[in-house]
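Contents: one structure, followed by commentary.
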Amino acid sequence: MSITPESHILCDLNEPLVDHTEGQLFLNDTFKIIMEEVLCKGTDIKHKVCEWKEPKELALLLDLELRATGEPQHRLLQRVQDVAKYSIKTSHPRFMNQQFGGVDYHALAGRFLTEALNTNLYTYEVAPVFVLMEAEVLRGLRQLVGWTEGDGLFCPGGSASNMYAMNIARYQHFPEVKSQGLCGLPRLNIFTSSDSHYSVKKGAAFLGIGTDNVIIVEVDEGGRMIPDDLDEKITLAKSQGAVPFFVSCTSGTTVRGAFDPLDLIADVCEKHKLWMHVDHYLIHKIKVYVKNIFLIFGISACPQDLLRKCHSANATYLFQQDKFYDLNLDVGDKSVQCSRKVDCLKLWLMWKAVGSIGFAERVDKAFNQARYLVEQMKKREGFHLLQEPEFVNVCFWFIPPSMRGKEGMADYQDRLAKVAPVIKERMMKQGTMMVGYQPLGNKVNFFRMVVFSPLLTQKDMDFFLDEIERLGKDL
């Protein structure tokens, strides 16, 4: 875009282009909409989880087209209202689609504050409060799992954290990869279970290791990695000229919520001198080994100073070596990003508000709610568990009345596979709740209810079962 002399004349450099008074009024009105539509209606069981619209209709309702001229404030507020109205209410007690934990008002306040401050975590001079805060939160997390030292950072999500783990593990084994690239490396192998998160393969592709070099380890009937099979496949890979370097195990797999046997896997990794990575959801009575990476919702932690050695580029416009403060406080060179948003304030405020005991109580409540759901499920006809839950993932099939007792029919599995998608469509179009479904291996579509949110009550569990029955009874 070029600036012509004519357009330049129109700009008075002594006057701001932004009307702060008008902007602040708009922001105030926007907060009112957020409070009403998102935080009041969006968490109230009297209101819908979603207002489903087909894509073309939704695009017209939102008037998504961007134009050369701006719109008046009243119309912009209507845009905000429409965005809030037609978005999925992920903090609703009956949104159970993925691993969402409902709204936490302390964390939300933290997000509002960090967005208003609009800083980035690369140097102490730009983000002094948050550099110190992130270090303290990471220290607290390490302490919870028994570490006295280490390093870490907040990542944009669990997938990115897994990729960080692979990259620093590869760097530890082959530090020359940072300067020389892949051309001088042997064929590397990663090992993970068939139930692990798909980001392991995505990370292998992204880092140039290749998805063909991700070796899938068998799982037992509960979805847990089998250590003997891991040992055998590592030995086989070595005999074929590959270099195993990384084992990604899981505590709380995405679908079944299975916990890999970490102690036995650690023995295998120690035997073969491999990096052991643990991808897991939460801290609660889980022992993690000193050489592991610890991961919780996009937080990556590792042995001290390895992140900086692996990722530093020493940009002199940011990381000058003659600054007047401790250079270790300039944390930007530890990450692959330059501009990294502040996430630590959300967790710090939550932690300050409820304490470690409060977090443990939330976890205990989730497990208790999951147990209650399973108990009630077993009392009703038509609900068939995939397996007894190990975590807060409750996986099950709903068998409509017309299919009960007909398991021997040739097309039974094909018919069963169609049940969950139809019920899901109905619940979304009616807006009553949301829950996910998926196939797994040779198992046809089943529901996966993840009991995470501390907002859930036993009444919500009862409603969930009633609604599945209501939506599927005529299939």
*State the percentage of accessible surface on the chain attributable to carbon and sulfur atoms; use a 1.4 Å probe and exclude ligands, DNA and RNA.*
56 percent
*Counting alpha carbon pairs within less than 8 Å and at least 6 residues apart, what relative contact order, in whole percent, applies to the chain?*
19 percent
*Note down the relative contact order for the range 313-448 as a percent, whole number, built from C-alpha pairs under 8 angstrom at least six residues apart.*
15 percent
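For the chain, go through all pairs of different Cα atoms, get the mean of 1/r, take its inverse, and jot down that Kirkwood value in Å. Mind showing how you got there, number by number?
Details: mean 1/r = 0.0392 Å⁻¹.
This gives a value of 25.5 Å.
For the chain, what does the accessible surface come to per residue with a 1.4 Å probe? Please give it in Å².
Working: 24810 Å² over 475 residues.
Per-residue value: 52 Å².
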*Mind listing the Cα extents of the range 315-423 along all three principal axes, in Å, largest one first?*
77, 34, 20
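Taking the highest mean first, how do the peptides 425-432, 168-175 order by number of other beta carbon atoms within 10 angstrom per residue? Present the calculation step by step, with values, prior to reporting the outcome.
On the way: 425-432: 16.1, 168-175: 18.8.
Packing order, densest peptide first, comes out as 168-175, 425-432.
What is the magnitude of the charge dipole of the chain about its Cα centre, with +1 placed on the Cβ of each Lys and Arg, -1 on the Cβ of each Asp and Glu, and no other charges, expressed in debye to the nearest 20? Could the numbers behind the result be given before it?
On the way: 55 positive and 60 negative charges, 201 e Å.
Here the size comes out at about 960 debye.
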_Candidate residues S179, S335, S159: accessible-area rank, largest first, probe 1.4 Å_ = S179, S159, S335
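What percent antiparallel are the DSSP beta bridges of the chain, to the nearest 5?
Numbers: 19 of 39 bridges.
Looking only at bridges with both residues in the chain, the antiparallel portion is about 50 percent.
Per-residue ellipticity at 222 nm for the chain, helices alone: DSSP H runs ≥ 4 residues times -39500 (n - 2.57), over residue total, nearest 500 deg cm²/dmol?
That calculation yields -13000 deg cm²/dmol at 222 nm.
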*With a sphere of radius 9 Å drawn around the Cβ of Q387, what net charge do the other residues whose Cβ falls strictly inside it have (Lys, Arg +1; Asp, Glu -1)?*
-2
*Calculate the spin-label point distance for A68 paired with D228, positioning each point 7 Å from the Cα along the beta-carbon direction, and give it in nanometres.*
7.4 nm
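Please report the relative contact order for the range 82-176, taking Cα pairs under 8 Å with a sequence separation of at least 6, and give it as a percent rounded to a whole number.
Averaging sequence separation for qualifying contacts and normalising by length gives 10 percent for the range 82-176.
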*Please work out, to two decimal places, the log10 of the ratio I(q)/I(0) at q = 0.15, 0.19, 0.20, 0.23 Å⁻¹ from a Debye calculation in which every Cα of the range 96-212 carries one identical scatterer.*
-0.98, -1.22, -1.24, -1.30
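The values are calculated or read from the model by the stated rules, or taken from the named source; none is laboratory data. Just so you know, these numbers come straight off a predicted model, no measurement behind them. We place every Cβ from the backbone using ideal geometry, glycine too, and count neighbours over all the protein chains shown. Areas reflect the complete protein model, heavy atoms only, side chains present, ligands, DNA and RNA absent. Shrake-Rupley method; radii C 1.70, N 1.55, O 1.52, S 1.80 Å.
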